[in-house]
Amino acid sequence: AIKADAQLTGVADRDGLRESLDLPDRVEHVVRRLAALEKVVVIVDQIDALSLSMARDQRALGVVLETVAKLREISGVRVLFSCRAFDLRNDPRLDRVEVSRRFGLPPLSDEEVGSVLVEQGFDYEALSPATKELLRTPLHLDLFSRIVEAHGSSEDDRRDALGISTLQDLYALLWRDVVL
């Protein structure tokens, strides 16, 4: 498994990829040896972190896509990568990747969102419809939960969280109350 956002930023070539992953040989060579023993699944998580919308240096995505192409040629190997739908549609290199099967994550249900917030002592019903819709995306719910945790039990601080209705609001509060 490779976490693109944490392990691959700044990778400029296939040897850099090998070094970044602390492997004794290039990824495809290591996987080929493993696949000779049994089936192998290679997971590349958050490949969108290397896309046009997220990264300044576009070489890393090229290296990863070249490696994925090489891995797909190895018998007994499956490659799975995760990516935001926006980047998949808007980065021409990701859009051109031949995919045999796509999986999408449906939005969370109101019950799922509510149960997460209830565990944190937060009243889900106090949220506006816009906030509830925003939190149906797992990443947004995670960020909101971090904000709620940072606020503790103070009602004054939690009131700010109630005012979140857009992604911009969410990131502004996250920046102010968690990052800083």
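The values are calculated or read from the model by the stated rules, or taken from the named source; none is laboratory data. Worth saying up front: this structure is predicted, and the values here are computed from it rather than measured. Don't worry about glycine lacking a Cβ; one is built from the backbone with ideal geometry, like all the others, and counts go over all protein chains shown. For the accessible areas, the whole protein counts, side chains as well, though only heavy atoms, and no ligand, DNA or RNA atoms are used. Shrake-Rupley method; radii C 1.70, N 1.55, O 1.52, S 1.80 Å.
Would you mind listing the helices (runs of 4 or more DSSP H) fully within segment 1-74 where at least 1 residues are open to solvent by less than 30 Å² (accessible area, probe 1.4 Å) and either at pLDDT 90 or above or among the β-branched types (Val, Ile, Thr) (or both)? Reasoning before the result, please.
On the way: elements: 4-7, 14-20, 27-35, 59-72.
The qualifying helices (runs of 4 or more DSSP H) are 14-20, 27-35, 59-72.
Against the definition (touching a Ser or Thr at 6+ places or on another chain (Cβ under 8 Å), charged (D, E, K, R) and more than 30 Å from LEU135 (Cβ to Cβ)), how does GLU73 come out, yes or no? Let's see the steps before the verdict.
Working: touching a Ser or Thr at 6+ places or on another chain (Cβ under 8 Å): no; charged (D, E, K, R): yes; more than 30 Å from LEU135 (Cβ to Cβ): yes.
Taking the combined requirement at face value, the residue does not satisfy it.
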Exercise for the section: Scan (1) over 24 Å from GLY10 (Cβ atoms); (2) at pLDDT below 90 for the single condition SER115 breaks and write down its number. Expected result: (2)
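Have a look at GLY163, GLY104 and point out the one that is closer than 30 Å to VAL64 by Cα, surrounded by fewer than 16 Cβ atoms within 10 Å (Cβ to Cβ), without any contact (Cβ under 8 Å) to a residue 60 or more places away in the chain and in contact with a helix residue (DSSP H, G or I) (Cβ under 8 Å, 6 or more places away or on another chain). Spell out how you get there, then give the answer.
Numbers: GLY163 fails: closer than 30 Å to VAL64 by Cα.
When all the criteria are applied, what remains is GLY104.
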Problem - Subset of segment 107-120 [touching a helix residue (DSSP H, G or I) at 6+ places or on another chain (Cβ under 8 Å) and open to solvent by 90 Å² or more (accessible area, probe 1.4 Å)] - result: VAL118
Problem - Boolean, ARG146 is under 17 Å from the mean Cα position of the chain (by Cα), modelled with pLDDT under 90 and either more than 26 Å from GLN7 (Cα to Cα) or not in a loop (DSSP other than H, G, I, E, B) (or both) - result: yes
Completion exercise
Subset of segment 121-133, residues at pLDDT 85 or above, surrounded by 11 or more Cβ atoms within 10 Å (Cβ to Cβ) and not small (Gly, Ala, Ser), comes to TYR124, LEU127, THR131, LYS132, GLU133
Practice task
Among the numbered conditions (1) surrounded by fewer than 12 Cβ atoms within 10 Å (Cβ to Cβ); (2) at pLDDT below 85, tell me where ASP157 comes up short.
Solution key: (1)
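Name the single residue that is surrounded by the most Cβ atoms within 10 Å (Cβ to Cβ) among those in segment 83-101 being part of a loop (DSSP other than H, G, I, E, B) and in contact with an Asp or Glu (Cβ under 6 Å, 6 or more places away or on another chain). First the steps, then the outcome.
Keep residues of segment 83-101 that are part of a loop (DSSP other than H, G, I, E, B), which gives 83-84, 91, 96-101.
Okay, now just the ones that are also in contact with an Asp or Glu (Cβ under 6 Å, 6 or more places away or on another chain), so 83-84.
Working: CYS83: 21, ARG84: 18.
Checking each candidate, the answer is CYS83.
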Problem - Failed criterion for ARG136 (all others in (1) open to solvent by 90 Å² or more (accessible area, probe 1.4 Å); (2) under 16 Å from the mean Cα position of the chain (by Cα); (3) among the charged types (D, E, K, R) hold) - result: (1)
